[in-house]
């Protein structure tokens, strides 16, 4: 099987830095380690951004489909999935479903996605399938009246827990990477490998790719190790680490089983408050990157 991160044919010049101005900002939520809070961050950051007025699309690129389930999308409702989009069978708009959260939409995943690499691994555009699918979001959907167009301002891509072709597609399509990092002993070791992959993608597939930020998750104030990990990551990555730290919280863990973001399940809990703060930080960084003054 071919190396999914190996250079493929160069994309058109207009796509050389991911989604250019005029379309949504695309953030890939990635970490090759499982259980670090990628899906939880995608769901709740997306909800928090929608709550402050952004129009958000979550793209579920994990064959497990946990982001879809966590937003209440039943498997029977996933008639068109991200697999169908990436193999070229259907436009992205066809897969997009509304959620119970106003201004938050999702392109759901199914287990079919696990066969994506086998199906397209030998094609020249294998790393650009998601980028090509996202390009259509810049143009209006003629089937929908103008005022009802879901003109997305953010696209959050929930990546699988590996550095496979799906994750490479997300990185090739993204403006930036948001990295959830669990407050555990091996956190920095996994981060180093991810940063190497990001650099390889930047050199071969997406020159404009950046690290948007690192969000520390599952922080337990009762555990001295958590505090040490926070200090070590901040020393290693500096300003790339968000000020907001997501605490370990029972309500955050319970919410997906009800098909709800924690902000809907329990707005007052510390987890919800943390994700609202994170959304504020993300928007502030976006304004700094785009040269837009804060309100």
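Quick notes on this one:
- Screening the stretch 63-77 for residues that are touching a residue at least 24 places away in the same chain (Cβ under 8 Å), assigned to a loop (DSSP other than H, G, I, E, B) and out of contact with any strand residue (DSSP E or B) (no Cβ under 8 Å at 6 or more places or on another chain) and picking the one that is surrounded by the most Cβ atoms within 10 Å (Cβ to Cβ) gives 65.
- Number of the exception - residue 239 against (1) exposed (fewer than 15 other Cβ atoms within 10 Å of the Cβ); (2) in a loop (DSSP other than H, G, I, E, B): (2)
- Residue list for the stretch 192-216, restricted to those being touching a residue at least 60 places away in the same chain (Cβ under 8 Å) and either part of a helix (DSSP H, G or I) or touching a helix residue (DSSP H, G or I) at 6+ places or on another chain (Cβ under 7 Å) (or both): 193, 194, 197, 200, 201, 204, 205, 206, 209, 212, 213, 215
- Scanning the stretch 207-220 for residues that are more than 19 Å from residue 285 (Cβ to Cβ) and buried (at least 16 other Cβ atoms within 10 Å of the Cβ) returns 218, 219.
- Subset of the stretch 114-128 that is in a helix (DSSP H, G or I) and touching a helix residue (DSSP H, G or I) at 6+ places or on another chain (Cβ under 7 Å) - its residue that is nearest to residue 68 (Cα to Cα): 116
- Hey, residue 25 within 26 Å of residue 206 (Cβ to Cβ), at pLDDT below 95 and within 13 Å of the chain's Cα centre (by Cα) or not: yes
- Checking each residue in the stretch 260-282 for being in contact (Cβ under 8 Å) with a residue 12 or more places away in the chain and more than 13 Å from residue 244 (Cα to Cα) picks out 260, 261, 262, 263, 264, 265, 266, 269.
- Scanning the stretch 85-113 for residues that are closer than 19 Å to residue 172 by Cα and either in contact (Cβ under 8 Å) with a residue 60 or more places away in the chain or assigned to a helix (DSSP H, G or I) (or both) yields 85, 86, 92, 113.
- Every condition in (1) closer than 29 Å to residue 288 by Cα; (2) touching a strand residue (DSSP E or B) at 6+ places or on another chain (Cβ under 9 Å); (3) at pLDDT 90 or above; (4) crowded, with 18+ Cβ neighbours inside 10 Å is met by residue 263 except one, and the failing one is (2).
- For the stretch 254-288, a tally of residues being farther than 19 Å from residue 156 by Cα and outside any helix (DSSP H, G or I) returns 4.
- Residues located in the stretch 161-189, provided they are out of contact with any helix residue (DSSP H, G or I) (no Cβ under 9 Å at 6 or more places or on another chain), assigned to a loop (DSSP other than H, G, I, E, B) and farther than 21 Å from residue 209 by Cβ: 186
- Residue match in the stretch 44-62 (condition: under 30 Å from residue 125 (Cα atoms), touching a helix residue (DSSP H, G or I) at 6+ places or on another chain (Cβ under 6 Å) and assigned to a loop (DSSP other than H, G, I, E, B)): yes
- Under the condition of being surrounded by fewer than 14 Cβ atoms within 10 Å (Cβ to Cβ) and under 14 Å from residue 174 (Cα atoms), the residues counted in the stretch 193-202 number 1.
- Complete set of residues in the stretch 129-150 that are surrounded by 15 or more Cβ atoms within 10 Å (Cβ to Cβ) and either modelled with pLDDT of 95 or more or in a helix (DSSP H, G or I) (or both): 129, 130, 131, 132, 133, 134, 135, 137
- Only one entry in 169, 206 is at pLDDT 95 or above, closer than 22 Å to residue 123 by Cα and out of contact with any strand residue (DSSP E or B) (no Cβ under 9 Å at 6 or more places or on another chain), namely 206.
- Residue check for residue 245: within 24 Å of residue 160 (Cα to Cα), in contact with a helix residue (DSSP H, G or I) (Cβ under 8 Å, 6 or more places away or on another chain) and not in a helix (DSSP H, G or I): yes
The values are calculated or read from the model by the stated rules, or taken from the named source; none is laboratory data. In this text the structure is predicted, and so the values were computed from the model without any measurement. No Cβ is skipped: glycine too gets one built from the backbone with ideal geometry, and neighbour counts run over all protein chains shown.
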